[in-house]
1. In region 144-203, what residues are modelled with pLDDT under 95, within 22 Å of the chain's Cα centre (by Cα) and of a type in the set (S, T, Y)?
2. Here are some conditions: (1) in contact with a helix residue (DSSP H, G or I) (Cβ under 8 Å, 6 or more places away or on another chain); (2) modelled with pLDDT of 95 or more. D27 meets all but one. Which one does it not meet?
3. Scan region 33-42 and tell me whether some residue there is of a type in the set (V, I, T), in a loop (DSSP other than H, G, I, E, B) and under 21 Å from L143 (Cβ atoms).
4. Could you please find all residues in region 218-257 being part of a strand (DSSP E or B) and under 17 Å from Y118 (Cβ atoms)?
5. Does region 67-83 hold any residues that are farther than 11 Å from I135 by Cβ and more than 17 Å from the chain's Cα centre (by Cα), and which are they?
6. Would you mind telling me which numbered condition in (1) out of contact with any Cys (no Cβ under 7 Å at 6 or more places or on another chain); (2) in a helix (DSSP H, G or I) S287 fails?
7. State yes or no: is S144 buried (at least 21 other Cβ atoms within 10 Å of the Cβ), in contact with a strand residue (DSSP E or B) (Cβ under 7 Å, 6 or more places away or on another chain), of a type outside the set (V, I, T) and in a helix (DSSP H, G or I)?
Amino acid sequence: MIAEIRGIGSFVPEKIITNEELAQTVDTTDGWIREHTGIEKRRIIAPGEAASDMAIRAARMALERAQVGPEELDLIITATATPDYSNFPATACLIQHELGAEHSGAFDLAAGCTGFIYGLSVARGMILAGDYRNILVVGTEALSRITNWQDRNTCVLFGDGAGAAVVSANNNQDNRGILQTMLRSEGAGGEHLMRRAGGSRMPFTPGMDPAETFISMNGRRVYGFAVRVCTILINSLLRKANLHLRDIKHIVPHQANERIIQAAAERLSISLDKFYLNIAEYANTSSASIPIALREMEEKDLLHKGDLILTLAFGAGLTYGGLLIRW
């Protein structure tokens with residue numbers, strides 16, 4: 001048995017904020033943002049909507065493409081750093097209700113931008129154990145809700161969106177599915193990318209400094225971490241599978257910063273053409289970035305049956321992880 005991705009769905013909001021618009025409110029320019037990040041624009045969730053609203057749209061697309069009904073789902077795993085509510089109820093439970101997945105369990109998973117990779121890995125393990133047949137994995141982020149739009153160091157980086165995948169048991173002998181996984185963390189670096197307020201360490205209180213409720217990031221430390229672990233993930237996954245880089249059709253990285261991918265590619269002597277990048281259009285959508293990219297690749301007819309795909313991500317925690325997939 002193997003765990004196969006049967007269907008991919010995605011959703012991004014209609015509203016777009018361009019670099020030029022940001023330059024009207026903070027001390028930056030379109031040229032600086034493009035040069036340092038590769039980002040040109042980002043999508044922003046509509047007023048009154050939350051992470052689950054985007055997730056439901058992406059999930060319905062994934063279910064339709066997988067030809068799996070909500071009643072066939074055994075479990076829903078939702079990776080998000082921006083849940084509808086603080087800690088509970090789980091956003092996954094809200095999604096389960098709206099989809100009408102009456103027989104499904106549901107829980108949220110917190111691994112920052114690596115969340116979708118973690119979710120797929122957990123789904124794979126549960127399917128291989130024989131306990132589940134159809135699992136919906138969702139990555140959804142309303143990062144604009146926790147972004148300080150007066151901080152030029154962070155507000156240029158993030159956008160909103162959602163992606164989803166239906167992962168199912170495949171009893172065929174074609175070996176299509178998730179072949180290898182790798183999950184790691186470096187908790188000592190957690191302070192370099194965090195949202196300080198809102199937990200038991202620093203509860204929300206009246207009069208709190210608003211800056212404590214927004215994303216806080218040490219950009220230099222996160223950049224160095226990301227470049228280093230990208231090379232570790234690519235080398236380790238290839239070694240585990242006894243494969244060579246030439247066997248991989250596409251590398252699909254978390255879309256955080258184009259310079260991170262460029263630096264990793266240079267270290268490994270890999271052509272940047274090997275990597276699929278769409279950060280210019282959507283910015284960093286955290287756990288949603290990889291499924292959004294995979295769905296876009298399907299739309300562009302870049303993914304074909306039997307292709308070997310390597311995905312990798314890094315994020316808050318600090319976490320990192322990757323997957324090797326036969327499409």
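1. T154
2. Failing condition for D27: (2).
3. Scanning region 33-42 turns up at least one residue that is of a type in the set (V, I, T), in a loop (DSSP other than H, G, I, E, B) and under 21 Å from L143 (Cβ atoms).
4. Once the filter is applied, which keeps residues that are part of a strand (DSSP E or B) and under 17 Å from Y118 (Cβ atoms), region 218-257 yields V252, P253.
5. Q67, G69, P70, E71
6. That leaves (1) as the condition not met.
7. no
Condition check ((1) touching a residue at least 40 places away in the same chain (Cβ under 8 Å); (2) in contact with a Ser or Thr (Cβ under 8 Å, 6 or more places away or on another chain); (3) within 30 Å of A280 (Cα to Cα)) across all residues:
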site	(1), (2), (3)
G163	yes, yes, yes
A169	yes, no, no
G198	yes, yes, no
P206	no, no, no
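The values are calculated or read from the model by the stated rules, or taken from the named source; none is laboratory data. A quick note: this is a predicted structure, and the numbers were derived from the prediction, not measured. Here Cβ is always computed from backbone atoms with ideal geometry, including for glycine, and neighbour counts include all displayed protein chains.
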